[in-house]
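Trainee: Please see the structure below; I have some questions.
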């Protein structure tokens, strides 16, 4: 039961400022990157290039943010950060110029959804035909690893770590094997307790299907 306080702490911090705005999101489906960049109401804050399928043309992933605001310091008002919405686009090539095949308007955290961190921004990368979405938090991190399949990106693994009340927790979610490798410990000791937990899911989760982070329950007290 010791994992419960850590989970409650993390869940509160990551969802206390959930996305509630009724933003009118543009539809970028089928557009090439130059067309995406023409929308002046959304700026690119993160971009990654690499190979996601089996052709020899680089694919692209971008994260867009509404408005033209660029974060400068934690002295900025919470209202300003709360108004920023985010979209992730994945542009896959099919023996031609990469075009938007995946758009998700909910999954990428807004700037003010970092808990005790005043500002959060995801880091994305494409390596080994895989897309990684990584968040560094004040006391931990969360990472999602996706692979291209059937014109979408499926979640094949994830990692999550955090520290709360002197206790540390680490989870590795392996969706190919359907298990979570979970570790618990304390910051005052090198000893840890490890256990394997079965994942409750009906198939690989697609990037296009994700809602807000930590809305998806994959096991008791385990959310992504």
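Trainee: What number goes with the only condition from (1) in contact (Cβ under 8 Å) with a residue 24 or more places away in the chain; (2) surrounded by fewer than 17 Cβ atoms within 10 Å (Cβ to Cβ); (3) assigned to a strand (DSSP E or B) that residue 171 does not pass?
Mentor: Evaluating residue 171 over (1) in contact (Cβ under 8 Å) with a residue 24 or more places away in the chain; (2) surrounded by fewer than 17 Cβ atoms within 10 Å (Cβ to Cβ); (3) assigned to a strand (DSSP E or B) leaves (2) as the failure.
Trainee: Assigned to a strand (DSSP E or B) and within 20 Å of the chain's Cα centre (by Cα): which single residue out of 163, 197 fits that description?
Mentor: 163
Trainee: Which ones in the range 141-157 are under 14 Å from residue 203 (Cα atoms) and in a loop (DSSP other than H, G, I, E, B)?
Mentor: Passing the criteria: only 150.
For (1) touching a helix residue (DSSP H, G or I) at 6+ places or on another chain (Cβ under 7 Å); (2) within 23 Å of residue 61 (Cβ to Cβ); (3) touching a residue at least 24 places away in the same chain (Cβ under 8 Å), each residue gets a yes or a no:
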site	(1), (2), (3)
121	no, yes, yes
127	no, yes, yes
131	no, yes, yes
134	no, yes, no
138	no, no, yes
146	yes, yes, yes
149	no, yes, yes
153	yes, yes, yes
167	yes, no, yes
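Trainee: Condition first: modelled with pLDDT of 85 or more, surrounded by 12 or more Cβ atoms within 10 Å (Cβ to Cβ) and more than 24 Å from residue 107 (Cα to Cα). Now tell me which residues in the range 183-205 satisfy that.
Mentor: Of everything in the range 183-205, those that are modelled with pLDDT of 85 or more, surrounded by 12 or more Cβ atoms within 10 Å (Cβ to Cβ) and more than 24 Å from residue 107 (Cα to Cα) turn out to be 183, 184, 197.
The values are calculated or read from the model by the stated rules, or taken from the named source; none is laboratory data. Note that this is a predicted model, so its numbers are computed, not measured. Neighbour counts are summed over all protein chains in view; Cβ atoms, including those assigned to glycine, are modelled from backbone coordinates with ideal geometry.
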